[in-house]
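Chemist: Supplied in C-alpha cells, the structure appears directly below.
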Amino acid sequence: MKLRETEVRIADLIRSVVISPAGDGPWPGVVLYTDIFQLTESTLRTARRLAAYGFVVCAPEIYPRTDLNGVALEFDDEGKARGMAGAAATTVDEFDADRVAVLDYLEGRDDTTALYATGFCIGGHLAFRAAFDPRVQATVCFYPTGLQNGALGKDADAGSLQRAADIRGRLLIVFGSQDPHVPADARLQVLSALYSAGLDDLELHVYQGGEHAFMRDIGPRHDPVLTDLALTEAVSFLTGR
C-alpha cells in the first residue's frame, strides 16, 4: 500500500510524524509512542509498516517540553543517557496532557474512525496510560517498562497499574522472555494486577528468546521473525479478529 507522510506540530508543541495510506480513507487512527530515542528512522520504519495495513499512524515525540524537542537520538550510550534524562525531566501529568492533545488531534482528522494506541518500551507504558481514555478502543503495549513498579519519567510511581480498572478497551501486551527490564516476576506482577482489576479478558504474549527492544531493527537484539510475528498479532488484534 502506498503511504503519505507528513510532519505536524500538535498543540504548537509536539512534533509528530503522521503516516497514512494514500487515498481518502477513512481509517482507524493509532497513536504510536516511541522508545526513549524518540522519532528515529527505526521507529518510523515500524510506523510505516503499521500504516500500510490501513491505519493513520501518529507518532509523537515524547519529550517535547525538554531540550530534546525536535531531536532523534542515536542508539549509543550518549543517546541512551540523553533519552533517560528526557524521561527524568518529564512528569506523568505532562505525559498525560500530551496524550490528550495527540488523541484530540487524531479524533479531529477527517480521515480517522476508531482510535487505538501502541508503543515500545517507555512508549508501551505510555500506550497503557492512553488506554485510560475511553475513546481508545484497543491498545497494544510492546515490552512496556515500569508498569510493575510505576516508574515513569520524573515520578517515582505513576500508579498506572492501580488505574487498570479505568481501561475500557481491549488490551494486548507483548513481552520477550529474556527482557531484563521486565523479568518473569515483573510480568507476573503486571498480570496479577490486571486480573485483580477485572481485566481478565486481555491478551498476553511472551515470546521465547525475545530480548528487550527485539523489534528495533538496529543492533544485536533485533529478532526479525519475532518482529514480524508481533506486528501480525498486533494488526490482527487491532482490527478485531
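The values are calculated or read from the model by the stated rules, or taken from the named source; none is laboratory data. Being a predicted model, the structure only gives us computed values, none of them experimental. Ideal geometry is used to build each Cβ from the backbone, glycine not excepted, and the neighbour counts take in all protein chains shown.
Chemist: Do we find a residue being without any contact (Cβ under 8 Å) to a residue 60 or more places away in the chain, closer than 24 Å to TYR105 by Cα and crowded, with 17+ Cβ neighbours inside 10 Å anywhere in the range 161-168?
Modeler: Yes, some residue in the range 161-168 is without any contact (Cβ under 8 Å) to a residue 60 or more places away in the chain, closer than 24 Å to TYR105 by Cα and crowded, with 17+ Cβ neighbours inside 10 Å.
Chemist: Among the residues of the range 106-123, write down those that are in contact with a Leu (Cβ under 8 Å, 6 or more places away or on another chain) and either within 14 Å of ILE36 (Cβ to Cβ) or part of a helix (DSSP H, G or I) (or both).
Modeler: If the condition is that a residue be in contact with a Leu (Cβ under 8 Å, 6 or more places away or on another chain) and either within 14 Å of ILE36 (Cβ to Cβ) or part of a helix (DSSP H, G or I) (or both), then LEU106, GLU107, GLY119, ILE122, GLY123 are the ones that fit.
Chemist: Can you report the number of residues in the range 48-57 which are crowded, with 22+ Cβ neighbours inside 10 Å and part of a loop (DSSP other than H, G, I, E, B)?
Modeler: Matching residues across the range 48-57 total 1.
Chemist: Looking at the range 58-105, which of the residues that are acidic (Asp, Glu), in a helix (DSSP H, G or I) and out of contact with any strand residue (DSSP E or B) (no Cβ under 6 Å at 6 or more places or on another chain) is surrounded by the most Cβ atoms within 10 Å (Cβ to Cβ)?
Modeler: To start, the set of residues in the range 58-105 that are acidic (Asp, Glu) comprises 61, 67, 74, 76-78, 93-94, 96, 98, 104.
Imposing the further condition that a residue be in a helix (DSSP H, G or I) reduces the set to 77-78, 93-94, 96, 98, 104.
With out of contact with any strand residue (DSSP E or B) (no Cβ under 6 Å at 6 or more places or on another chain) added as a condition, the list becomes 77-78, 93-94, 96, 104.
Working: ASP77: 8, GLU78: 9, ASP93: 12, GLU94: 18, ASP96: 16, ASP104: 13.
Step by step, filter the range 58-105, then rank; the result is GLU94.
Chemist: Can you name the residue in the range 172-212 that is loosely packed, with under 14 Cβ neighbours inside 10 Å and of a type in the set (D, E, K, R) and, of all such residues, is farthest from GLY240 (Cα to Cα)?
Modeler: The selected residue is ASP185.
Chemist: Run down GLY146, GLY219 and say which single residue is of a type in the set (Gly, Ala, Ser), modelled with pLDDT of 95 or more, assigned to a loop (DSSP other than H, G, I, E, B) and closer than 29 Å to ASP76 by Cα.
Modeler: GLY146
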